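Worksheet for the structure shown next.
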Amino acid sequence: MDTLIQLLHSAKELFPVEVALTLGTVFFALSWIRPRSTVQLPSRKQAALPLFLWGIVSALLVLGIGTTTSWIAASNPMHVDWDAWWQRPLPLFATAALLLVVALPLRLAGVPAPGHRAITPRRRWWEFTPRTLLWITAITGTLGLLTAGWQILIGVSVPSDGDRYGIGSIPTDLPAFGRFQDGMGYYWGAGWPNHLLTLVALLLCAIALPLALDAGANRPAPVDALAAEVRVSREAAARTMTLFALGGILLTLGAVWAFVGFVGEIIVGVDGLAASPGELVTIGTGYRDVARPLHWAGYIVQGIGAALLMRLAVDLVRSFVSGRRAEARAVASSAVGVGVGGGIARAEGEQ
(Lines give C-alpha, C1' and ligand atoms only; values in the text may rest on other atoms or scores of the structure.)
Protein backbone atom coordinates (compact mmCIF):
# COMPACT_ATOMS: atom_id res chain seq x y z
CA MET A 1 0.00 0.00 0.00
CA ASP A 2 2.86 2.38 0.85
CA THR A 3 4.44 1.63 -2.52
CA LEU A 4 1.16 2.41 -4.28
CA ILE A 5 0.80 5.69 -2.42
CA GLN A 6 4.36 6.64 -3.34
CA LEU A 7 3.70 5.80 -6.99
CA LEU A 8 0.54 7.91 -6.99
CA HIS A 9 2.40 10.78 -5.34
CA SER A 10 5.20 10.54 -7.91
CA ALA A 11 2.66 10.43 -10.73
CA LYS A 12 0.97 13.56 -9.37
CA GLU A 13 4.29 15.38 -9.32
CA LEU A 14 5.12 14.31 -12.88
CA PHE A 15 1.61 14.91 -14.23
CA PRO A 16 -0.05 17.57 -12.05
CA VAL A 17 -3.79 17.96 -12.53
CA GLU A 18 -3.25 21.70 -13.01
CA VAL A 19 -1.55 21.07 -16.37
CA ALA A 20 -4.07 20.95 -19.20
CA LEU A 21 -2.50 17.91 -20.85
CA THR A 22 -2.93 15.73 -17.74
CA LEU A 23 -6.72 15.68 -17.57
CA GLY A 24 -6.76 16.21 -21.33
CA THR A 25 -5.13 12.80 -21.83
CA VAL A 26 -7.69 11.19 -19.51
CA PHE A 27 -10.65 12.77 -21.33
CA PHE A 28 -9.05 11.97 -24.68
CA ALA A 29 -8.90 8.28 -23.72
CA LEU A 30 -12.51 8.37 -22.52
CA SER A 31 -13.60 9.98 -25.80
CA TRP A 32 -12.93 6.70 -27.62
CA ILE A 33 -16.07 5.29 -26.04
CA ARG A 34 -17.54 7.00 -29.11
CA PRO A 35 -15.02 6.07 -31.82
CA ARG A 36 -16.86 7.81 -34.66
CA SER A 37 -14.76 10.57 -36.20
CA THR A 38 -15.64 14.13 -35.24
CA VAL A 39 -14.78 15.43 -38.72
CA GLN A 40 -15.09 14.06 -42.25
CA LEU A 41 -12.77 15.59 -44.85
CA PRO A 42 -13.65 15.80 -48.56
CA SER A 43 -12.79 12.72 -50.61
CA ARG A 44 -10.65 14.62 -53.13
CA LYS A 45 -7.06 15.06 -51.96
CA GLN A 46 -6.76 18.53 -53.51
CA ALA A 47 -9.69 19.77 -51.43
CA ALA A 48 -8.78 17.87 -48.24
CA LEU A 49 -5.04 18.51 -47.96
CA PRO A 50 -5.00 22.28 -47.11
CA LEU A 51 -7.73 21.90 -44.47
CA PHE A 52 -6.00 18.81 -43.07
CA LEU A 53 -2.63 20.55 -42.72
CA TRP A 54 -4.17 23.71 -41.22
CA GLY A 55 -6.22 21.71 -38.73
CA ILE A 56 -3.32 19.55 -37.56
CA VAL A 57 -0.87 22.42 -37.14
CA SER A 58 -3.43 24.71 -35.50
CA ALA A 59 -4.76 22.13 -33.03
CA LEU A 60 -1.31 21.00 -31.92
CA LEU A 61 0.02 24.56 -31.68
CA VAL A 62 -2.82 25.78 -29.45
CA LEU A 63 -2.62 22.57 -27.40
CA GLY A 64 1.11 23.16 -26.88
CA ILE A 65 0.54 26.78 -25.84
CA GLY A 66 -2.22 25.81 -23.40
CA THR A 67 -0.12 23.04 -21.90
CA THR A 68 2.91 25.32 -21.51
CA THR A 69 1.02 28.19 -19.86
CA SER A 70 -0.81 25.84 -17.47
CA TRP A 71 2.49 24.14 -16.60
CA ILE A 72 4.05 27.52 -15.79
CA ALA A 73 1.11 28.31 -13.49
CA ALA A 74 1.32 24.88 -11.83
CA SER A 75 5.09 24.95 -11.33
CA ASN A 76 4.80 27.53 -8.52
CA PRO A 77 1.14 28.21 -7.67
CA MET A 78 1.92 30.50 -4.73
CA HIS A 79 4.00 32.82 -6.90
CA VAL A 80 1.21 34.53 -8.80
CA ASP A 81 2.49 37.61 -10.59
CA TRP A 82 1.65 39.89 -13.47
CA ASP A 83 2.82 37.33 -16.03
CA ALA A 84 -0.43 35.39 -15.70
CA TRP A 85 -2.58 38.19 -17.13
CA TRP A 86 -1.31 37.40 -20.63
CA GLN A 87 -0.60 33.67 -20.14
CA ARG A 88 -4.23 32.73 -19.47
CA PRO A 89 -5.68 34.19 -22.72
CA LEU A 90 -2.64 33.26 -24.84
CA PRO A 91 -4.19 30.02 -26.23
CA LEU A 92 -7.27 31.99 -27.27
CA PHE A 93 -5.22 34.71 -28.98
CA ALA A 94 -3.45 31.97 -30.95
CA THR A 95 -6.84 30.44 -31.80
CA ALA A 96 -8.20 33.76 -33.09
CA ALA A 97 -5.05 34.45 -35.13
CA LEU A 98 -5.15 31.03 -36.78
CA LEU A 99 -8.84 31.45 -37.59
CA LEU A 100 -8.10 34.78 -39.24
CA VAL A 101 -5.50 33.23 -41.55
CA VAL A 102 -7.48 30.07 -42.39
CA ALA A 103 -8.92 31.77 -45.48
CA LEU A 104 -5.55 31.27 -47.21
CA PRO A 105 -5.46 27.44 -47.08
CA LEU A 106 -9.16 27.38 -47.94
CA ARG A 107 -8.45 29.39 -51.09
CA LEU A 108 -5.76 26.88 -52.02
CA ALA A 109 -8.26 24.01 -51.79
CA GLY A 110 -8.97 23.62 -55.48
CA VAL A 111 -10.38 27.05 -56.27
CA PRO A 112 -11.18 27.16 -60.00
CA ALA A 113 -10.07 29.84 -62.45
CA PRO A 114 -12.43 32.84 -62.80
CA GLY A 115 -13.94 31.53 -66.03
CA HIS A 116 -14.70 28.09 -64.57
CA ARG A 117 -16.51 29.09 -61.39
CA ALA A 118 -20.13 28.21 -60.75
CA ILE A 119 -22.62 31.00 -60.05
CA THR A 120 -23.91 30.35 -56.53
CA PRO A 121 -25.93 32.46 -54.07
CA ARG A 122 -24.10 34.00 -51.16
CA ARG A 123 -24.39 31.83 -48.06
CA ARG A 124 -24.76 32.98 -44.48
CA TRP A 125 -21.64 32.34 -42.43
CA TRP A 126 -23.34 29.72 -40.25
CA GLU A 127 -24.95 27.89 -43.17
CA PHE A 128 -22.76 24.76 -43.02
CA THR A 129 -22.02 24.68 -39.28
CA PRO A 130 -23.88 22.21 -37.02
CA ARG A 131 -26.27 24.29 -34.91
CA THR A 132 -25.65 22.36 -31.68
CA LEU A 133 -21.89 22.76 -31.96
CA LEU A 134 -22.27 26.46 -32.73
CA TRP A 135 -24.52 26.99 -29.70
CA ILE A 136 -22.10 25.14 -27.42
CA THR A 137 -19.25 27.32 -28.67
CA ALA A 138 -21.30 30.51 -28.21
CA ILE A 139 -22.38 29.54 -24.67
CA THR A 140 -18.81 28.64 -23.70
CA GLY A 141 -17.53 31.98 -24.97
CA THR A 142 -20.33 33.81 -23.15
CA LEU A 143 -19.34 32.12 -19.89
CA GLY A 144 -15.82 33.43 -20.43
CA LEU A 145 -17.10 36.95 -21.12
CA LEU A 146 -19.29 36.90 -18.02
CA THR A 147 -16.46 35.64 -15.82
CA ALA A 148 -13.95 38.21 -17.07
CA GLY A 149 -16.54 41.00 -16.91
CA TRP A 150 -17.51 40.05 -13.35
CA GLN A 151 -13.89 40.07 -12.19
CA ILE A 152 -13.27 43.43 -13.86
CA LEU A 153 -16.32 44.96 -12.16
CA ILE A 154 -15.28 43.88 -8.65
CA GLY A 155 -11.75 45.21 -9.05
CA VAL A 156 -10.71 48.11 -6.81
CA SER A 157 -7.54 49.89 -5.77
CA VAL A 158 -6.19 49.44 -2.25
CA PRO A 159 -6.41 52.64 -0.15
CA SER A 160 -3.29 53.83 1.61
CA ASP A 161 -4.46 52.40 4.94
CA GLY A 162 -5.92 49.19 3.47
CA ASP A 163 -4.73 45.72 4.46
CA ARG A 164 -3.57 43.34 1.76
CA TYR A 165 -3.71 39.58 2.30
CA GLY A 166 -2.87 36.46 0.36
CA ILE A 167 -0.73 36.10 -2.72
CA GLY A 168 0.01 38.65 -5.37
CA SER A 169 2.26 41.15 -6.95
CA ILE A 170 4.04 44.15 -5.52
CA PRO A 171 1.80 47.00 -4.26
CA THR A 172 0.18 49.00 -7.04
CA ASP A 173 -2.39 51.76 -7.41
CA LEU A 174 -4.16 49.90 -10.20
CA PRO A 175 -7.63 48.41 -9.51
CA ALA A 176 -6.25 44.86 -9.40
CA PHE A 177 -7.74 43.85 -6.04
CA GLY A 178 -10.99 42.47 -4.69
CA ARG A 179 -12.54 43.16 -1.30
CA PHE A 180 -12.84 40.66 1.49
CA GLN A 181 -16.18 40.26 3.22
CA ASP A 182 -17.41 43.48 4.88
CA GLY A 183 -14.49 45.37 3.35
CA MET A 184 -12.06 44.01 5.96
CA GLY A 185 -9.12 43.77 3.60
CA TYR A 186 -8.08 43.28 -0.01
CA TYR A 187 -6.76 40.41 -2.09
CA TRP A 188 -4.93 40.56 -5.42
CA GLY A 189 -6.29 38.94 -8.60
CA ALA A 190 -9.35 40.94 -9.73
CA GLY A 191 -9.87 44.04 -11.90
CA TRP A 192 -9.03 44.91 -15.47
CA PRO A 193 -5.22 44.56 -15.04
CA ASN A 194 -5.77 40.82 -14.53
CA HIS A 195 -8.72 40.12 -16.85
CA LEU A 196 -9.01 42.73 -19.59
CA LEU A 197 -6.82 40.81 -22.01
CA THR A 198 -9.01 37.73 -21.56
CA LEU A 199 -12.02 39.85 -22.52
CA VAL A 200 -10.18 41.16 -25.59
CA ALA A 201 -9.18 37.63 -26.65
CA LEU A 202 -12.78 36.39 -26.38
CA LEU A 203 -14.10 39.31 -28.41
CA LEU A 204 -11.41 38.80 -31.04
CA CYS A 205 -12.33 35.12 -31.31
CA ALA A 206 -16.01 36.09 -31.60
CA ILE A 207 -15.04 38.15 -34.66
CA ALA A 208 -12.53 35.70 -36.14
CA LEU A 209 -14.76 32.61 -36.13
CA PRO A 210 -17.63 34.10 -38.18
CA LEU A 211 -15.12 35.59 -40.64
CA ALA A 212 -13.44 32.21 -41.07
CA LEU A 213 -16.78 30.39 -41.43
CA ASP A 214 -17.93 32.98 -43.98
CA ALA A 215 -14.74 32.47 -46.00
CA GLY A 216 -15.37 28.73 -46.01
CA ALA A 217 -19.07 28.98 -46.82
CA ASN A 218 -18.58 31.30 -49.80
CA ARG A 219 -15.60 29.77 -51.54
CA PRO A 220 -15.98 29.60 -55.35
CA ALA A 221 -16.99 26.17 -56.64
CA PRO A 222 -16.12 24.62 -60.03
CA VAL A 223 -18.81 24.70 -62.70
CA ASP A 224 -18.85 20.89 -62.98
CA ALA A 225 -18.85 20.26 -59.19
CA LEU A 226 -21.68 18.22 -57.75
CA ALA A 227 -23.82 19.97 -55.13
CA ALA A 228 -23.33 17.10 -52.67
CA GLU A 229 -19.54 17.28 -53.05
CA VAL A 230 -19.52 21.04 -52.50
CA ARG A 231 -21.66 20.69 -49.40
CA VAL A 232 -19.40 18.00 -47.89
CA SER A 233 -16.36 20.23 -48.41
CA ARG A 234 -18.07 23.24 -46.82
CA GLU A 235 -19.36 21.24 -43.85
CA ALA A 236 -15.94 19.71 -43.21
CA ALA A 237 -14.30 23.15 -43.10
CA ALA A 238 -17.02 24.63 -40.87
CA ARG A 239 -16.96 21.74 -38.41
CA THR A 240 -13.15 21.70 -38.20
CA MET A 241 -12.93 25.45 -37.58
CA THR A 242 -15.70 25.46 -34.96
CA LEU A 243 -14.27 22.49 -33.03
CA PHE A 244 -10.88 24.18 -33.10
CA ALA A 245 -12.34 27.45 -31.79
CA LEU A 246 -14.21 25.59 -29.04
CA GLY A 247 -11.01 23.88 -27.93
CA GLY A 248 -9.16 27.20 -27.65
CA ILE A 249 -12.04 28.83 -25.76
CA LEU A 250 -12.22 25.92 -23.30
CA LEU A 251 -8.48 26.13 -22.60
CA THR A 252 -8.70 29.82 -21.71
CA LEU A 253 -12.02 29.53 -19.85
CA GLY A 254 -10.60 26.71 -17.76
CA ALA A 255 -7.46 28.69 -16.94
CA VAL A 256 -9.55 31.72 -15.91
CA TRP A 257 -11.91 29.69 -13.73
CA ALA A 258 -8.99 27.90 -12.06
CA PHE A 259 -7.28 31.21 -11.29
CA VAL A 260 -10.44 32.97 -10.07
CA GLY A 261 -11.37 29.98 -7.92
CA PHE A 262 -7.86 29.66 -6.49
CA VAL A 263 -7.75 33.33 -5.52
CA GLY A 264 -11.29 33.20 -4.16
CA GLU A 265 -10.42 30.43 -1.71
CA ILE A 266 -8.23 32.77 0.36
CA ILE A 267 -9.19 32.74 4.06
CA VAL A 268 -7.68 35.14 6.59
CA GLY A 269 -7.89 35.07 10.37
CA VAL A 270 -8.27 38.59 11.85
CA ASP A 271 -7.55 39.28 15.52
CA GLY A 272 -9.39 41.83 17.69
CA LEU A 273 -12.88 41.33 16.22
CA ALA A 274 -14.10 38.44 18.38
CA ALA A 275 -15.76 38.71 21.76
CA SER A 276 -12.98 36.69 23.41
CA PRO A 277 -9.46 38.18 23.41
CA GLY A 278 -7.02 36.35 21.19
CA GLU A 279 -9.73 34.61 19.20
CA LEU A 280 -9.45 34.94 15.45
CA VAL A 281 -12.35 35.79 13.15
CA THR A 282 -12.13 34.13 9.75
CA ILE A 283 -12.94 36.23 6.71
CA GLY A 284 -12.96 35.32 3.03
CA THR A 285 -13.76 36.67 -0.40
CA GLY A 286 -17.26 37.62 -1.48
CA TYR A 287 -17.57 34.44 -3.56
CA ARG A 288 -15.84 32.09 -1.13
CA ASP A 289 -18.69 29.53 -1.23
CA VAL A 290 -18.32 28.92 -4.97
CA ALA A 291 -14.56 29.45 -5.21
CA ARG A 292 -13.49 25.85 -4.63
CA PRO A 293 -15.96 24.31 -7.14
CA LEU A 294 -14.94 27.00 -9.62
CA HIS A 295 -11.27 26.21 -9.02
CA TRP A 296 -11.67 22.51 -9.81
CA ALA A 297 -14.13 23.12 -12.62
CA GLY A 298 -11.40 25.19 -14.27
CA TYR A 299 -9.03 22.20 -14.37
CA ILE A 300 -11.78 20.00 -15.80
CA VAL A 301 -12.78 22.54 -18.45
CA GLN A 302 -9.22 23.11 -19.67
CA GLY A 303 -8.72 19.34 -19.71
CA ILE A 304 -11.79 18.99 -21.95
CA GLY A 305 -10.37 21.68 -24.22
CA ALA A 306 -7.04 19.85 -24.48
CA ALA A 307 -8.82 16.54 -25.16
CA LEU A 308 -10.95 18.15 -27.87
CA LEU A 309 -7.89 19.49 -29.69
CA MET A 310 -6.14 16.12 -29.40
CA ARG A 311 -9.17 14.30 -30.73
CA LEU A 312 -9.55 16.82 -33.57
CA ALA A 313 -5.94 16.27 -34.66
CA VAL A 314 -6.29 12.47 -34.55
CA ASP A 315 -9.64 12.47 -36.37
CA LEU A 316 -8.24 14.68 -39.10
CA VAL A 317 -5.48 12.12 -39.66
CA ARG A 318 -8.02 9.27 -39.64
CA SER A 319 -10.28 11.02 -42.13
CA PHE A 320 -7.43 12.00 -44.45
CA VAL A 321 -5.94 8.48 -44.47
CA SER A 322 -9.37 6.96 -45.01
CA GLY A 323 -9.97 9.28 -47.95
CA ARG A 324 -6.68 8.35 -49.57
CA ARG A 325 -7.41 4.64 -49.16
CA ALA A 326 -10.83 5.08 -50.74
CA GLU A 327 -9.23 7.04 -53.57
CA ALA A 328 -6.66 4.28 -54.13
CA ARG A 329 -9.38 1.63 -54.18
CA ALA A 330 -11.36 3.64 -56.72
CA VAL A 331 -8.29 3.95 -58.97
CA ALA A 332 -7.58 0.23 -58.65
CA SER A 333 -11.19 -0.68 -59.50
CA SER A 334 -11.06 1.60 -62.51
CA ALA A 335 -7.84 -0.01 -63.70
CA VAL A 336 -9.31 -3.51 -63.32
CA GLY A 337 -12.39 -2.44 -65.28
CA VAL A 338 -10.25 -1.10 -68.11
CA GLY A 339 -8.18 -4.28 -68.15
CA VAL A 340 -11.21 -6.55 -68.30
CA GLY A 341 -12.76 -4.46 -71.08
CA GLY A 342 -9.55 -4.60 -73.11
CA GLY A 343 -9.35 -8.38 -72.70
CA ILE A 344 -12.91 -8.85 -73.94
CA ALA A 345 -12.26 -6.62 -76.92
CA ARG A 346 -9.15 -8.59 -77.89
CA ALA A 347 -10.99 -11.92 -77.57
CA GLU A 348 -13.77 -10.70 -79.85
CA GLY A 349 -11.21 -9.51 -82.39
CA GLU A 350 -9.53 -12.92 -82.47
CA GLN A 351 -12.85 -14.59 -83.15
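For Y165, indicate whether it is in contact with an Asp or Glu (Cβ under 9 Å, 6 or more places away or on another chain) and of a type outside the set (K, R).
no
Counting only residues that are of a type in the set (S, T, N, Q) and under 29 Å from the mean Cα position of the chain (by Cα), which one in region 179-200 is farthest from R288 (Cα to Cα)? Can you show your working first?
Taking region 179-200 and keeping what is of a type in the set (S, T, N, Q), we get 181, 194, 198.
Pick out the ones that are also under 29 Å from the mean Cα position of the chain (by Cα) and you get 194, 198.
Numbers: N194: 19, T198: 22 Å.
Out of the qualifying residues, it is T198.
Would you mind finding the one in G284, G303 that is under 18 Å from the mean Cα position of the chain (by Cα) and either surrounded by fewer than 16 Cβ atoms within 10 Å (Cβ to Cβ) or on the phi < 0 side of the Ramachandran plot (or both)? Explain how you work it out, then say what you get.
Values: G284 fails: under 18 Å from the mean Cα position of the chain (by Cα).
Going through G284, G303 in turn, the sole match is G303.
Here is a check on your reading of the model: is P210 over 17 Å from the mean Cα position of the chain (by Cα) and either at pLDDT 95 or above or not hydrophobic (A, V, I, L, M, F, W, C) (or both)?
Numbers: over 17 Å from the mean Cα position of the chain (by Cα): no; either at pLDDT 95 or above or not hydrophobic (A, V, I, L, M, F, W, C) (or both): yes.
For P210, the condition - over 17 Å from the mean Cα position of the chain (by Cα) and either at pLDDT 95 or above or not hydrophobic (A, V, I, L, M, F, W, C) (or both) - is not met.
The values are calculated or read from the model by the stated rules, or taken from the named source; none is laboratory data. As the structure is a prediction and not an experimental result, all values here were calculated from the model. Note that each Cβ is placed from the backbone with ideal geometry, even for glycine, and that neighbours are counted across all protein chains shown.
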